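A.B. asks: Dropping the structure in here first, questions after.
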Amino acid sequence: MDFFDDDDQDEKMPVYDPIRREHLWVLLAAFRVDPTVVHPDNAQLLTNEDLLNTAGPGCYYCEIEWRDQALAMAPCTGPDD
Ligand SMILES: [Zn+2]
């Protein structure tokens, strides 16, 4: 299994709607975890103390970084594919 390209990770992501053209703003976070005490499905052990880095917010569909409210309200161009 390729850890970062697991197809199951996409199951909760809403599908882009080309009629509504709404961005899906997301923030990525990296936490330090001890694999001997934490299971990937148990987010309760992800504490602020273990937060190492964040990226975004950015749109999951068009991959543009959030800059201001005007951009947030502009129509999303959707994914490239
Ligand atoms: Zn977008």
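A.B. asks: Where does each of Glu63, Glu22 land when they are ranked from fewest to most other beta-carbon atoms within 10 angstrom?
C.D. replies: Arranged by neighbour count, lowest to highest, Glu63, Glu22 become Glu63, Glu22.
A.B. asks: Work out how much length Trp66 to Leu28 would gain on full extension: take 0.36 nm times their residue separation and subtract the Cα-Cα distance, in nm to one decimal.
C.D. replies: Length gained between Trp66 and Leu28: 12.4 nm.
A.B. asks: Please give the length that would be gained between Ile19 and Asn53 if that part of the chain were fully extended, namely 0.36 nm times their separation in residues minus their C-alpha to C-alpha distance (nm, one decimal).
C.D. replies: 8.8 nm
Readers should treat all values here as calculations from the given coordinates under stated rules, not as data from a laboratory. This structure is a prediction, so every number in the text was calculated from the model and none was measured. Counting neighbours? That spans all protein chains shown, and the Cβs are built from the backbone with ideal geometry, glycine included.
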